[in-house]
């Protein structure tokens, strides 16, 4: 158990803030891009030089946020070294880090900001600290160095806000374990692309790396290794805090009733024993939805999840349930008869999912589930968010789900664990999430989307170059005005520049095509 | 210019050697694989324990190689820490390194070895030091640790030799620059898979990173950056020496007359000026084969190449020459008429290639050229090696080339820069290099093959996980008995184990499928 102070979760309302960046001096050149493209961006050729010595971030006098705001103080420190890498390298950092950690949820809040760079100063205005973070990111991308190493920023006016409120990235830590440093690095890169949700597909069939305080045997027996291949409570807290400081929510997924093989190792009687004829075959299927103990277990687990993960969303999975094992089991068949489900196992899955969605609602959390749950049964708690993962028919599914009044997340066209030769970021970029048949009210129900990096063929050896810059394409589609970003050829040089910037920041982003960056990965 | 001592290239005949490994102790368990599979491998369950403290490598009394043999002394040092990582980590290395560097060519020499592991000792016999290196690699893969960390090796008899003498891997350092450390790391991993040729596609259209002593402007003007994105003479020597110590030859490729755009920047009048109507268009085509200065330049360059690269092979390229620019140029057309080539530009390319193949022969080097040279003209110096890169028709090409009596290298089915989702190593594994229509004499002319990692989409960010373990499939096909290695499903667990071993040795090898390794990449 952790000291009480670290276990307390403080929920803080988004800070209404408005802050100032002060910058110093003058002159002419270069107009370059920002990734993802701001909603409105006006740049002139008027160039202002920046002096690392005289540069500072200053909270505006009328700003609600002031020194002591941990999110922004930490962001100033980070962005100072991002903007002036030569200056900070080896010389220590200039700003003191605020060590007091407050667990605040990053709610679905306003990320809009205005940035005005003129001679001698830049003014960044935002309604929330999260908007300020997005503005700082854009600001950092506007600064450049000339051939002599001097820093410049052009006169610029940006009015910016995200197209979609939910811009997620899924990592799968069950098919392969991802060490903590790989997750933290991914969060860094996500912030650079203005992603705001880390969908942590933390457990699945192959392994259960989440170290539960309520059910320690789940990882003791279900992880690849009970000590090296697990996420301790403190690991999870580090991830959540690292994410929060970057304006990223952490949505955990505890996928059931399928995809739970690893759960069975540490939780006897949770899974359905499969039968061969009249006798158990020794293998196990999905969670057994016919016994009370299952629901008691799930309720305890979800209570812990609520306690550990402050976000208002919990992902409950519900995908790809194979019915063969249920069908083989005589107790399940008896239960089906008793419930009047006939031979329709989709009703059994719906019964189970409805129970755990209700539990989740009772815990004051909003459920996200995979599309299967909707496909099997259209009566679903109205505030449940549905996530589309099946590739071929996602437009029709968008129509149906929004027709039924549900909020929807699109992931199907962004399964970037699927790789192919060449510039496949263009496929991600071409996706039009609101291009389906339906009225405007339906289109508004698409709250965003997710890039998914499933783990069958991915671990720490190849995660970063597969993610970056390929995920950036979806990041721009989810943030920027579609009308202004239809042409991938136009986006290409801006993305190339952004990829070099990712390298400079230490992200192992693979090349888009032939060429080079001034700062290559891992030195020359 | 370098001090004279470092410029001297000593050519040493392969050492006739025979050496002893002495090992200590007893007991039972586990039989595991070696990658690539030895020609004959007999293992018993009799287990011998190994004590890092009491373990030593000892030259046999009747061995021609003795202490002072730099290749083997260095290999003992490397393999000691590979075999006993826990023992050597942090405690410094146990054996003194022989610092005297001799530039010896790794000739196409005998790589066979016999390894006999019995109680208390292991005997490794080989005809050359290169065979001893292969045997040490196999030996290192036989050692394993039990759950308590103790080291064991089972009683084992290996008789082994390569199926093909030429087992290459191509890196492209022109489309993206690869830093020296990435090349050295690749050489390490190549040795683990028993590759023996590093085909260095060092220059091409996009950049000319080779820093020539004769023509410094080639890289000054043709590299991505004249100081950061270049290979100095000392860099090249380090690569050659690092490779030699691992029994790997370095075959440089200076591809012409096409693929030379970057050459033109530092060598005026080398490339053909393209015309638009009657006037030069300002763009340039292939090397201009109609002027004497071209041949003088090529001769000087090839002389330098002979001086810098000790290997007996030089790759001269000759692929993908576009004739449009030649055709547009009035001087070239005049030359064609004078030579009686008519409108057949393949004759012009053949004329050029023949000239530089003859130059190469006069420098006492053997040419390797891409298949285009053969496709255009069947009269080619008989000892020239032809390399097949065109994918669809490689079997027919194998027939034709060997029918014409040429030695052949197969690369077409091993273009592993082409990626796809899933276990694409199985495609590489399924290749049967001698499965083409022809008599046995023809089959014998296939001297080996090459894995190619072209650089359009590859640089230091993603090179290693794309290479490993995917390249291992071809490594086994080129080393092992095809009859014993037809089944990829049988090979799979052995390759999985080998991939974990690569991670343990610090190679960023990507996963083959769901699972984990005891030693993950970059810590946990």
### Task
Report the calculated FRET efficiency for residue A:278 and residue B:435 (r = Cβ-Cβ distance, R0 = 35 Å), to the nearest 0.05.
0.10
### Task
Take B:166, A:284 and order them by how many other Cβ atoms sit within 10 Å, fewest up front.
A:284, B:166
### Task
Using only alpha carbons, build the gyration tensor for the range B:390-524 and give me the equivalent ellipsoid semi-axes, biggest first, whole Å.
31, 17, 11
### Task
Using Cα centres only, tell me the gap between the range A:155-206 and the range B:357-406 in whole Å.
51
## Note on the structure
Rounded to whole angstroms and listed largest first, the alpha-carbon spread of chain B along its three principal axes comes to 83, 53, 47
### Message
Counting pairwise Cα distances across the range A:163-234, what percent come out greater than 22 angstrom?
### Response
29
### Query
Using a label position 7 Å from Cα in the Cα→Cβ direction, what is the ascending list of nm distances from residue A:66 to the same site in the other copies?
8.4
### Query
Considering the zone a paramagnetic label at residue B:232 would reach in this model (a point 7 Å from Cα along the Cα-to-Cβ line), which residues of the range B:239-257 have amide N under 16 Å from it?
B:239-240
### Query
Ranking A:302, A:270 by Cβ neighbours within 10 Å, fewest first, what do you get?
A:302, A:270
### Query
How big, in percent, is the set of alpha carbon pairs in the range B:135-194 lying more than 17 Å apart?
59
## Note on the structure
Shortest first and in nm, the label-point separations between residue A:159 and its counterparts in the other identical copies (7 Å out along Cα→Cβ) come to 8.4
### Query
How big is the C-alpha Rg of the range B:234-326 next to the rule-of-thumb value 2.2 N^0.38 Å, as a ratio?
1.31
### Query
What is the percent of Cα-Cα separations in the range A:218-269 that go past 15 Å?
60
### Distances in nm from residue A:381 to the matching label points in the other copies, shortest first (labels 7 Å along Cα to Cβ)
7.9
### Query
At q = 0.04, 0.09, 0.10 Å⁻¹, what log₁₀ I(q)/I(0) does a Debye calculation on the Cα points of the protein assembly as shown give, no solvent, two decimals?
-0.24, -1.17, -1.33
### Query
When Rg is the radius of gyration of the Cα atoms in the range B:417-475 and Rh is its Kirkwood radius, what does Rg/Rh come to?
1.07
### Neighbour-count order for A:444, A:194, fewest beta carbons within 10 angstrom listed first
A:444, A:194
### Summary
For the pair residue A:221 and residue B:62, the simple spin-label estimate (label points 7 Å beyond Cα toward Cβ) gives in nm 6.0
### Message
Using a Förster radius of 35 Å, what is the FRET efficiency between residue A:292 and residue A:444 based on their Cβ-Cβ separation? Nearest 0.05, please.
### Response
0.30
### Query
P(r) for the range B:138-259: what percent of alpha-carbon pairs falls in each 10 Å bin, starting at zero?
12, 35, 26, 14, 9, 4, 0
### Query
What fraction of the DSSP beta bridges in the protein assembly as shown is antiparallel, stated in percent and rounded to the nearest 5?
50
## Note on the structure
Contact order relative to length for chain A, counting C-alpha pairs under 8 Å separated by 6 or more residues, stands in percent at 14
### Message
Based on Cα coordinates alone, diagonalise the gyration tensor for the range B:300-423, multiply each eigenvalue by 5, take square roots, and list the semi-axes in whole Å, largest first.
### Response
26, 21, 15
## Note on the structure
Note to self, the protein assembly as shown gives a 222 nm [θ] from helices alone (DSSP H runs n ≥ 4, -39500 (n - 2.57) apiece, / all residues, nearest 500) of -10000 deg cm²/dmol
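Quick note: the coordinates plus some simple rules give every number you see, no bench work behind them. Treat the numbers as computed from the prediction; the structure is a model and nothing was measured. We place every Cβ from the backbone using ideal geometry, glycine too, and count neighbours over all the protein chains shown.
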